[in-house]
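Heads up: the structure comes next, in structure tokens.
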Amino acid sequence: MSQNYLEISYLKGSLIFGVALLLSSCSSTAPLTKTNVSSNQTIQTMHAKVIPASADAILPTALVVDWQKIEALANKMYEDEPLSTDVFHVLEETDSGTASGFYANDFNVSMKEAQRRLILAGISSPLIEAVTEQLGESLAAIYYDNNDPNEFSIKMTTLTTVEAVPPKYVYRFKQKEFKDYSLPIYIQADSDKNEQQILALQQKATPEIRRRYPEMQLIGFTPMTNTIRVMIYRKTPDESERQRIEAELTELVGHPVVVEFIKNRITTL
């Protein structure tokens, strides 16, 4: 059960970036979605996105990822707006009650590694923007992967039509203050729908899900698993019922749904 993670925003048509230390439960990865600093929340961004496209939108054709083009674009972005060294304030954090301390404890890394990762998250926005500009409508999800103690990375799930060779790319920061920093990016071309289509399906199905299950507490897209997560209040959870509802809602939505029963109400919808 992890609690601390970083989030960044991704919205179709524009990118909104802001690093925030959040409290969450059961997450070894961090979706790149906008939210305010909060505590004791299970899912922070369930209703944050507006879907401009329909679920029936035509999928883009095959896309070959050009890493050199991405690097050149990222370099230009960093040149146009040089990074602030304010992010280095985390290097002064030494105890468990700080952002670095929370991260180190939650993801089982050293304080030094936690500080490095927080700095990388704080300077990664233009790089992410450069990659998402290349991927366009082929993008399904973006998230930080915090779980690997040996590597902090950004992972992007895309349509199966995307060709990324190699699938892993390491960006090395050029600004002199950050020349010791680099950030791996993975492209996982294994989704049959892009983000707009998935969220449109979720939006369309939500009223019916709420009608069938009034005790639904939260619903939202989980980028790490490429599924729609539905949380339902049940005082006495039953696994066979959970599996039945999961299958029912997967058919209703038209995309894999994961149902979770919780014993405490989060909200009254």
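None of the figures in this text is laboratory data; all of them are computed from the coordinates on show. Owing to the predicted nature of the structure, the values given are computational and were not obtained by experimental measurement. Note that we place each Cβ from the backbone using ideal geometry, even for glycine, and neighbour counts take in every protein chain shown.
Ignoring aspartates and glutamates fewer than eight residues from residue 168 along the same chain, the ones with Cα atoms less than 14 angstrom from its Cα are 66, 71, 145, 151. For residue 76, give me every one of the aspartates and glutamates with a C-alpha distance below 13 angstrom, ignoring sequence neighbours fewer than eight places off in its own chain. Once the sequence-local aspartates and glutamates are set aside, what remains near residue 76 is 129. So how strong a dipole does the range 195-262 carry about its Cα centre when Lys and Arg Cβ are +1 and Asp and Glu Cβ are -1, to the nearest 20 debye? That gives a dipole near 220 debye.
In debye, nearest 20: dipole of the range 51-191 around its Cα centre with unit charges on the Cβ of K, R (+) and D, E (-)?
Numbers: 11 positive and 22 negative charges, 72 e Å.
Using Cβ point charges on Lys, Arg, Asp and Glu, the range 51-191 gives about 340 debye.
Here the scattering of the range 51-191 is modelled by Debye summation over its C-alpha atoms, one equal scatterer each and no solvent; at q = 0.14 Å⁻¹ the log10 of I(q)/I(0) is -0.73.
For a quick check of your reading of the filter: which GluC sites (Glu not before Pro) in the range 170-269 sit in a DSSP loop and have no more than 15 other Cβ atoms within 10 Å? Don't skip to the answer; put the middle values down first.
Numbers: sites: 177, 195, 208, 215, 239, 241, 246, 248, 251, 260; in loops: 215.
Listed in order of number, the matching sites are 215.
Computed from the Cβ-Cβ distance with R0 of 51 Å, the FRET efficiency linking residue 210 to residue 177 stands at 0.55.
Please compare each pair in 112/179; 155/176; 69/174 to a cut-off of 23 Å on the Cα-Cα distance and tell me which ones are over it. Too far apart for the 23 Å limit: 155/176.
Rounded to two decimals, the Cα radius of gyration of the range 195-262 over 2.2 N^0.38 Å is 1.02. Loop-only GluC sites (Glu not before Pro) in the range 65-167, please: DSSP not H, G, I, E or B, and at most 15 other Cβ atoms within 10 Å. Within the range 65-167, the qualifying GluC sites (Glu not before Pro) (loop, at most 15 other Cβ atoms within 10 Å) are 151. Each of 165, 104, 191 was placed along the dipole of the range 51-191 (beta-carbon charges, centred on the mean Cα), and the one lying farthest toward the positive end is 165. Compared with the direct C-alpha span, the chain from residue 105 to residue 251 gains 48.6 nm at full extension, assuming 0.36 nm per residue.
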